[in-house]
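Asks: Here it is, the structure in full.
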Amino acid sequence: MFPFDVILFDVGGVLLSNGWDHRERAAAVEHFHLDPAAFETRHLAIFDAWERDAISGKAYLDAVVFNEPRDFSRGDFFSFLLSQSKLLPDGALGTLKELAASHKCLLGALNNEARETNKYRFREFGLNSYFDVALSSCYLGLRKPDAAIYRRALDILGKPAGRILFIDDREENVAGAAAAGIKAIRFEGAKCLRIELEKLGVL
């Protein structure tokens with residue numbers, strides 16, 4: 001018997017680069033000659049709402065970037081933002097593909113991502129071809145590591161927590177899943193993940 005009914009993957013930091021983390025924001029600040037401290041303050045005040053789909057991408061940009069006249073367009077900025085998404089070196093995409101080809105369990109994403117960037121990243125990197133379900137923050141209105149997002153995921157999946165495996169690169173997200181009874185692995189590279197999955201009888 002296969003050890004899990006569902007395997008859930010984080011996306012940024014596990015399969016792909018982080019889409020809009022501090023390094024990506026720093027690159028945008030430099031490229032567009034923005035004030036770093038002011039930009040980061042505005043970002044932190046509203047980013048949670050964007051990832052929970054409480055506000056649109058346009059509202060995020062209006063508040064964080066276009067709070068004053070700029071010599072570049074929203075399209076220019078958003079294109080740069082999207083361009084920061086890349087395949088993660090030493091990421092788990094190969095493992096995801098292998099699991100998808102085996103058809104042994106349900107595969108899904110449990111990730112924090114704004115609607116616009118989530119749609120782009122899933123399409124651009126073909127993740128929809130491997131995932132059966134997307135439990136993204138923008139669809140659930142909740143973010144990791146809040147306990148509520150793990151409870152909601154369990155409700156949607158309809159499986160016992162112990163029959164679900166979750167893979168994430170952040171310790172706080174792994175701890176949140178484990179607290180909900182989900183088997184959770186911290187991602188520390190493709191080789192380490194394969195060793196852990198072999199121990200669990202997944203590979």
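Asks: Of everything in the stretch 162-176, what is over 19 Å from residue 16 (Cβ atoms), in contact (Cβ under 8 Å) with a residue 60 or more places away in the chain and aliphatic (A, V, I, L, M)? Give them in sequence order. Break it down into steps so the answer makes sense when it comes.
Replies: Residues of the stretch 162-176 over 19 Å from residue 16 (Cβ atoms): 162-165, 171-172, 175-176.
When the remaining residues are screened for being in contact (Cβ under 8 Å) with a residue 60 or more places away in the chain, the result is 163-165.
Within the stretch 162-176, 164, 165 meet the criteria.
Asks: List pairs: first in the stretch 126-150 and within 19 Å of residue 6 (Cα to Cα), second in a strand (DSSP E or B) and charged (D, E, K, R), Cβ under 8 Å, 6+ apart or cross-chain?
Replies: Going by the 8 Å Cβ cut-off, the qualifying pairs are 144/168.
Asks: Just name the residue that is farthest from residue 6 (Cα to Cα) out of those in the stretch 63-108 that are hydroxyl-bearing (Ser, Thr, Tyr) and either within 21 Å of the chain's Cα centre (by Cα) or part of a helix (DSSP H, G or I) (or both).
Replies: Of all residues in the stretch 63-108, those hydroxyl-bearing (Ser, Thr, Tyr) come to 73, 79, 83, 85, 95, 102.
Now restrict to residues that are either within 21 Å of the chain's Cα centre (by Cα) or part of a helix (DSSP H, G or I) (or both): 79, 83, 85, 95, 102.
On the way: 79: 34, 83: 31, 85: 26, 95: 14, 102: 13 Å.
Once the filter is applied, the top-ranked residue is 79.
Asks: Then there's this: Just need a number here: residues in the stretch 6-53 that are part of a loop (DSSP other than H, G, I, E, B), of a type in the set (D, E, K, R) and either in the same structural domain as residue 105 (by TED's automatic domain parsing) or without any contact (Cβ under 8 Å) to a residue 60 or more places away in the chain (or both).
Replies: To start, the set of residues in the stretch 6-53 that are part of a loop (DSSP other than H, G, I, E, B) comprises 10-11, 13-15, 17-21, 33-35, 52-53.
Filter again for of a type in the set (D, E, K, R), leaving 10, 21, 35, 52-53.
Cutting the leftovers down to either in the same structural domain as residue 105 (by TED's automatic domain parsing) or without any contact (Cβ under 8 Å) to a residue 60 or more places away in the chain (or both) gives us 10, 21, 35.
Number satisfying all stated conditions: 3.
Asks: Within the stretch 66-85, is there a residue that is closer than 22 Å to residue 144 by Cβ, at pLDDT 95 or above and in contact with a strand residue (DSSP E or B) (Cβ under 9 Å, 6 or more places away or on another chain)?
Replies: yes
Asks: Quick one: would you say residue 86 is among the charged types (D, E, K, R), out of contact with any helix residue (DSSP H, G or I) (no Cβ under 6 Å at 6 or more places or on another chain) and free of Cβ contacts under 8 Å to residues at least 40 places away in the same chain? Can you show your working first?
Replies: On the way: among the charged types (D, E, K, R): yes; out of contact with any helix residue (DSSP H, G or I) (no Cβ under 6 Å at 6 or more places or on another chain): yes; free of Cβ contacts under 8 Å to residues at least 40 places away in the same chain: no.
Against the criterion (among the charged types (D, E, K, R), out of contact with any helix residue (DSSP H, G or I) (no Cβ under 6 Å at 6 or more places or on another chain) and free of Cβ contacts under 8 Å to residues at least 40 places away in the same chain), residue 86 does not qualify.
Asks: Which members of the stretch 5-37 meet the condition of being of a type in the set (Lys, Arg) and out of contact with any Asp or Glu (no Cβ under 8 Å at 6 or more places or on another chain)?
Replies: Here is the first cut: in the stretch 5-37, the residues of a type in the set (Lys, Arg) are 23, 25.
Selection gives 23 alone.
Asks: Among the residues of the stretch 77-103, how many are under 19 Å from residue 201 (Cα atoms) and among the hydroxyl-bearing types (Ser, Thr, Tyr)?
Replies: The number of residues fulfilling the criteria is 2.
The values are calculated or read from the model by the stated rules, or taken from the named source; none is laboratory data. Remember, predicted model here, so these are calculated numbers, not experimental data. Cβ sites come from the backbone with ideal geometry, for glycine too, and all protein chains shown count toward neighbours.
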